[in-house]
Each structure stands twice: as C-alpha cells, then as structure tokens.
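The values are calculated or read from the model by the stated rules, or taken from the named source; none is laboratory data. Being a predicted model, the structure only gives us computed values, none of them experimental. With ideal geometry, Cβ positions are generated from the backbone for all residues, glycine too; neighbour counts draw on all protein chains shown.
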Amino acid sequence: MDITERFLNYTQFDTQSAEDSETVPSTAKQLVFAEYLKKELEHEGLSDVEMDDKGYIYATLKANTKDKVPTIGFISHYDTSPDCSGANIHPHIVRNYDGSDILLGFEKGGTTNEEREIKMTPEKFPELLKHTGEDLIVTDGTTLLGADDKAGIAEIVEAMCYLRDHKEIRHGDIRVAFNPDEEIGMGAHHFDVEKFGCEWAYTMDGGDVGELEFENFNAASAKVHIKGVSVHPGYAKGKMINANALAAEFAQMLPHDETPETTEGYQGFYHLLGIQSNVESATMSYIIRDHDRERFEDRKRLIEATAASMNEKYGEGTVEVAVKDQYYNMKEKIDPQMHVIDLVLHAMQECGVAPKVKPIRGGTDGAQLSFKGLPCPNIFAGGVNFHGPYEFVPIQSMEKAKDVIVKICELVADFNN
C-alpha cells in the first residue's frame, strides 16, 4: 500500500466531530475509524498498539540501535471539521495539474457538477498554481476532503513503514498517537502524555509544504449574558431595557478594526461567534485571540471593563461576563528547547523542502500538549483549503511530509553523539 491508497482509504470513514456533544469522542463514528486504524498499525508490525476507551491510539516503532537515543513522537488527529460534511466523500485525482480550472466531481443524482458550476479555479484559489505539474487529490464539490488531518496520519504511518523496511536507517523508539476531537478544541484534553513517554513530539497538522509552526494564539472564550426588561412597547418609555439593543451596543464598544476580517499575522482579535437574543435576554459568544500574552490579558480585561461600563449605565447585574482561557502560545515552551525546531529545519533542508516558519492564527493540539509537558510544534501535512469542498492535497506534498518525518528520526539518532 502506498501513501495515496492509504489516504484514500481513510477518507471513506466519516469522522466528523460535534461541538455540542458531551461524550468523548464527541461522535461514535470516530471510533469506527479508530478501530480500523488500530488494526492497521498492528498489521504493519508496530508494537505496543493500544486504544483507550476514549479513542486515543498509541503505538511504537521499536528502536533498531542500542545507542541512547531520545524517544520522540508524531501525532495527528482523525476527526474532521463540523464546518462541512465528511460523509460519502468521493475524492478523485487530477494528474499532472496544468494550471487550469478543476471541475470537482462527476454525475450525482442526474445532475453533473459541471452543470452546477462547482469548479476550483486559480483565479479564486491562486495557491493552485504553486502545485502545477503535481497530482492533486480533490473533492467532488459536496464535502470536505479530510486531509486535515488524515493526510497527517497517512504520512506518519507510511514513514513508520519506510523505517521498518529500511533497517539501514538508525533510529530510536518512535511513538505515534492519533486522537479524536481536535477540530472542536478537545483533542489534547485526554491525551496521556505520561503514557506517550516522549521527550518531545510533532503534530503533523500544518498546511502547505514547508510550513513549520511553533507560535500560536493565546486563546479564551467569553460569554456575555445581558438581562433586559420586557414591557409592552406602547407603554415602554423609561421602563424597557431592550437586550437586543444592548447586545448591539456591547459589540460596538469593542475595537472595530480588531476582528478576524481586519487582522493578519501576529495581530489579535475579538470574534463574535453568535448572538441569541430577544427583548428580555441576550447571550453573546466571543473568542479572544492574541499571540502576545500581555495583550491577550488586556483583551480579556477590556471585555470585563465593557460589561462594567454598561452596568454603570443600565444598572448593576444587567451585563455579566464569563471569560475562560482555552490555550496558550506554545512559543514560551518551545523557546527553551530550540533543538526541537532546529532538527526540523535540518530535516527539511535535507529533503529539499523550503521552510516556511510562521505563526498559527489559531491553535493545535500541540499547543495544549506543550503546556502539559510535551514540547510539540506543528509540521506541514500538505493539505490546502481545509474545512470545505475546495480542500485538496498534492500527493507529492504528502510524500515530502513522509520524507521529513523519516529524516527527523534519522537525525535524532545522532542527537546525543
């Protein structure tokens, strides 16, 4: 089995996670794929293969040297985003992509995608042109693809098989782990760092070729609860407090130029996810993001100060805010151990991959794991346009990611020598 076949097999499992679930994993269908993956690891000859009751899978490729070598790990998640359907995925391969428009899919239900004009064009997605001459795995235009992060899983498994078959490449114990629910921010919550037993690890969950990320947002959520006073509108003067209007006022009091649609790079933001409201009550859901820890704390304080200001105007208890930290910038945990990054940069150079070191405008399981004592930067998996029907992954990108994993393992064998 090659990396393409392996990945295509994985896409046939619907592993979409669900934000409103209280179970772990959040959807039972994730366990169906987890069982398949566990059996595949056993079939490929990995050792210590186990899956816990929450669907976390751990396995080992045993060392082939008696030298003292650090135990490192590679991690990917197997759930797909709730943003787009992950059921009945029909991937197809565009061989030797020539830079033209790509028709997504084939005849379904008597209507062709060509008639529905489901196309991926370089005009709308200029990143396609970076992959001219390569073989692209694309969707049929009705689902996501699942390269986030089944491409990462395929790359890790394929790398372990390569090392298994090429005993001339010295390596220490290599641990692999696959987990559910990353897409809903829960992937690292039940990850057993002690059981994993690594000095450091890498998530294979980045985007296009060469991406290497060890900086991410500090993140918090904020729930804003507004209590209104409902009175018949014909007799409301001096009595009504319209929670709908107060919700709009609260939103307007935050900086207008510090939202996701107006920021990039290291710039943080306030993001209003949703509002549920009527005259009597309103609930607003925010996420707060910033790479800089001090500015992050300032943002949280501004949310609370805005609530206090409105309470001065409308009465104490009118607006209540609950702010909850979600994860922090892994940079503060990676900086003291930059050899973890230097190894990746060296491996990429050896594999002919140009590094693209950049901050993540989001978070990964690796951010939370870094704060649980497992330094864990993020390496590219090769996919592009995640979480929607225009997602694609070049086969050559997956092969490059596999090569980088192999090279890292080889370089680590010389780490203490």
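A count restricted to the stretch 66-91 and to residues that are over 15 Å from Ala154 (Cβ atoms) and assigned to a loop (DSSP other than H, G, I, E, B) stands at 16. For the stretch 369-380, the criterion of being assigned by TED's automatic domain parsing to the domain that holds Cys84, buried (at least 19 other Cβ atoms within 10 Å of the Cβ) and more than 18 Å from the chain's Cα centre (by Cα) is met by no residue. If you go through the stretch 7-31 and pick out every residue that is more than 13 Å from Ile153 (Cβ to Cβ), in contact (Cβ under 8 Å) with a residue 24 or more places away in the chain and not in a loop (DSSP other than H, G, I, E, B), you end up with 2. Are any of the residues in the stretch 332-352 in contact with a Ser or Thr (Cβ under 6 Å, 6 or more places away or on another chain) and either aliphatic (A, V, I, L, M) or more than 26 Å from Glu294 (Cβ to Cβ) (or both)? Checked against the condition, which is being in contact with a Ser or Thr (Cβ under 6 Å, 6 or more places away or on another chain) and either aliphatic (A, V, I, L, M) or more than 26 Å from Glu294 (Cβ to Cβ) (or both), the stretch 332-352 yields no hits at all.
What about Glu40, is it surrounded by fewer than 20 Cβ atoms within 10 Å (Cβ to Cβ), in the same structural domain as Pro375 (by TED's automatic domain parsing) and modelled with pLDDT of 95 or more? It is true that Glu40 is surrounded by fewer than 20 Cβ atoms within 10 Å (Cβ to Cβ), in the same structural domain as Pro375 (by TED's automatic domain parsing) and modelled with pLDDT of 95 or more. Given the criteria modelled with pLDDT under 95 and in the same structural domain as Thr364 (by TED's automatic domain parsing), does Asn385 qualify? Yes, satisfied. If you go through the stretch 173-204 and keep only what is part of a helix (DSSP H, G or I) and more than 13 Å from the chain's Cα centre (by Cα), you end up with Val193, Glu194, Lys195, Phe196. Comparison of Asp403, Asp342 shows that the only residue that is loosely packed, with under 15 Cβ neighbours inside 10 Å, part of a helix (DSSP H, G or I) and assigned by TED's automatic domain parsing to the domain that holds Gly105 is Asp342. Pairs meeting the criteria (first residue in the stretch 185-200 and buried (at least 18 other Cβ atoms within 10 Å of the Cβ), second residue in a helix (DSSP H, G or I), beta carbons under 6 Å, at least 6 apart or on different chains) are Gly187/Asp365; Ala188/Asp365; Ala188/Gln368; Ala188/Leu369; Trp200/Val340. For the residues Glu50, Glu42, the requirement of being touching a strand residue (DSSP E or B) at 6+ places or on another chain (Cβ under 6 Å), more than 30 Å from Leu136 (Cβ to Cβ) and assigned to a helix (DSSP H, G or I) singles out Glu42.
For His256, the stated conditions do not hold, so it cannot be described as closer than 14 Å to Gly366 by Cβ, in a loop (DSSP other than H, G, I, E, B) and either outside the structural domain of Lys62 (by TED's automatic domain parsing) or modelled with pLDDT under 95 (or both). Looking only at the stretch 32-41, residues that are in contact (Cβ under 8 Å) with a residue 12 or more places away in the chain and either more than 25 Å from Asp83 (Cβ to Cβ) or acidic (Asp, Glu) (or both) come to 4 in all.
The set of residues in the stretch 245-265 that are touching a residue at least 60 places away in the same chain (Cβ under 8 Å) and surrounded by 14 or more Cβ atoms within 10 Å (Cβ to Cβ) comprises Leu246, Glu249, Phe250.
Against the numbered list (1) surrounded by fewer than 20 Cβ atoms within 10 Å (Cβ to Cβ); (2) assigned to a strand (DSSP E or B); (3) touching a helix residue (DSSP H, G or I) at 6+ places or on another chain (Cβ under 8 Å), Arg170 comes up short only at (2).
Kindly provide the set of residues from the stretch 55-69 that are closer than 15 Å to Ala177 by Cα and surrounded by fewer than 18 Cβ atoms within 10 Å (Cβ to Cβ), ordered by number. If the condition is that a residue be closer than 15 Å to Ala177 by Cα and surrounded by fewer than 18 Cβ atoms within 10 Å (Cβ to Cβ), then Lys62 is the only one that fits. Among the residues examined, Leu411 qualifies as over 20 Å from the mean Cα position of the chain (by Cα) and either farther than 20 Å from Glu213 by Cα or in a helix (DSSP H, G or I) (or both). Of the residues making up the stretch 231-244, at least one is assigned to a strand (DSSP E or B), outside the structural domain of Ala354 (by TED's automatic domain parsing) and either of a type outside the set (Ser, Thr, Tyr) or out of contact with any His (no Cβ under 8 Å at 6 or more places or on another chain) (or both). Within the group Ala63, Ala59, Ala34, which residue is assigned to a loop (DSSP other than H, G, I, E, B), closer than 28 Å to Gln368 by Cα, at pLDDT 95 or above and assigned by TED's automatic domain parsing to the domain that holds Val340? The match here is Ala63.
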